[in-house]
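In what follows, a single structure is set out as structure tokens and then discussed.
Computed from the coordinates by the stated procedures, all read-outs in this text should not be read as laboratory data. Everything numeric here is computed off the predicted structure, so don't read it as measured data. Every residue, glycine as well, gets a Cβ built from its backbone with ideal geometry; the counts of neighbours run over all protein chains shown.
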Amino acid sequence: MRAGWPALRVAAEPPPSADVVVIGGGIVGAATAFFARRAGLRVVLLEKRPALCTLTTPASTGAFRLQFDNAEEIGLVREGIDLFDHFADVAELPGYDLRIRKPGYLFCARSEVGAQHQRHFVEALHGWGVADVELLSGDEARYRFPYLSPDIIQARFRAGDGWLDPKRLTIGYARASRATMCLDTPAIGFEIRDGRVTGVQTPRGTIACDHAVVATGPFAAPVAALAGCALDLRPTIRHKLIIPELPALPMDSPMTIDEETAAHWRPVLAGCYALWTEPGTPPGEPLDNVPTSVDFAFGLLDPRSPRSLARLSPIWESVWEDGNLYWVLQAGQYTYTADHRPLLGPSGVPGLVLNVGYSGHGIMASAGGSRLVVDAMLGRLAAEANPFRPDRTMVERPLDIL
């Protein structure tokens, strides 16, 4: 630990009381603790595992972008990127490095349908204030990114998009929060008096509190149910292919995405992460151990696959033909809501607050979402001014595959 950085305050036993108990030690729980502390609250953070940030957060790619299909989520992510850029100063952690890189997000269209979608989307983004998104012809895209396939006819690109190290961000939030951390300590129930949550029960005693925030990712619905709060949340398995070494891939390439299938990669280590979101994967129960499927890897790597990365670049066809590639699979769960927007703020049970349902966007929206949750919890944000309030009218919408 660098001198001047506060240590994680791990307690042997839970304290008897706190202003707010945050349940969940991933990035969203740690961000909630960080913003609660900035609001002057005494915070206890509960994590059922022996360490923070070991379930969903480290299975992510750590990416962030402003190329969203609605202004409200753009606002959340924009707030987060601003914090990431100044994290060491804001968190009072001198020299703390989130390993931010901004090579951009490059969406590549291979069909006229995809190109038309791009044109409409870029026009909408400009209207929402994301004026630095570019529309490139196929030749312009290949001039700037020579590894691209000749099949690409158009691309949209924003240079300010990128990625960071999600584990370092989570631990940075946790250090700066100065919260009391209780590891190996699940929430097993709630103390409720006169219809209001007044404490969180653990195997080692009850912590009295004014507010309890559920930030447990795929486990949010069963935890909220302990207080009588029913949530429509849909944990869904998502994979990440990790290729530690791939010399043929330019390490300065942007996140490169197939507009039609959303298959994509981004550089990491001396290789890359590669992903694809299967819109037909059914939701299931929350899992502590998420299984992987080798079919996911072959779907990205085999040039015969309709979602092959070889459709984006001939590099991938050569890699497949060589047969020398080493790779491993990792899986986690996205937690979808019906409209694929998070549930942020007080629930229908007084004293119980939700910071859940980010539908795969928890890294990039953790700052803006958690700040909003704390403001709503403390009455600083009126319910009608919160587009993500949990009691909003839900409109089922098609899956955003990235």
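Computed on the stretch 239-377, with alpha-carbon pairs under 8 angstrom and 6+ residues apart, the relative contact order is 20 percent.
Just report the Cα centroid separation between the stretch 48-106 and the stretch 139-185, whole Å. What the calculation gives is 7 Å, centre to centre.
Computed from label points 7 Å out along Cα-Cβ, the spacing between A270 and A88 is 2.8 nm.
In a DSSP loop and with at most 15 other Cβ atoms within 10 Å, the trypsin sites (Lys or Arg not before Pro) in the stretch 299-386 are R304, R380.
Dividing the summed helix terms, -39500 (n - 2.57) for each DSSP H run of n ≥ 4, by the number of residues in the chain produces a 222 nm estimate of -8000 deg cm²/dmol to the nearest 500. Across the stretch 8-25, rounded Karplus estimates of 3J(HN,Hα) from the backbone phi angles (6.51 cos²θ - 1.76 cosθ + 1.60, θ = phi - 60°) give 5, 8, 8, 9, 5, 9, x, x, x, 7, 7, 6, 9, 10, 9, 9, x, x Hz, Gly and Pro being marked x. When the Cα positions of V349, L93, A310 are compared along the charge dipole of the chain, L93 comes out farthest toward the positive end, with charges on each C-beta of Lys, Arg, Asp and Glu. Using the Cβ-Cβ distance between S293 and D194 with R0 = 51 Å, the FRET efficiency computed as 1/(1 + (r/R0)^6) comes to roughly 0.55. Largest GNM mean-square fluctuation among P286, P150, P342, using the chain with Cα springs under 10 Å: P150.
What size of dipole, in debye to the nearest 20, comes out for the chain about its Cα centre when the only charges are +1 on Lys and Arg C-beta atoms and -1 on Asp and Glu C-beta atoms? Intermediate results must be reported in sequence, preceding the final value.
Working: 38 positive and 45 negative charges, 220 e Å.
Dipole size: approximately 1060 debye.
Sparsely packed loop sites in the stretch 191-293 (the trypsin sites (Lys or Arg not before Pro) outside DSSP H, G, I, E and B with at most 16 other Cβ atoms within 10 Å) comprise R204.
Would you mind working out the magnitude of the charge dipole of the stretch 23-104 relative to its Cα centre, with +1 at each Lys and Arg C-beta and -1 at each Asp and Glu C-beta, to the nearest 20 Debye? List each step's numbers first, then the result.
Details: 10 positive and 10 negative charges, 66 e Å.
Roughly 320 debye, rounded to the nearest 20.
Each part reduced to its alpha carbon centroid, the stretch 230-256 and the stretch 300-337 end up 10 Å apart.
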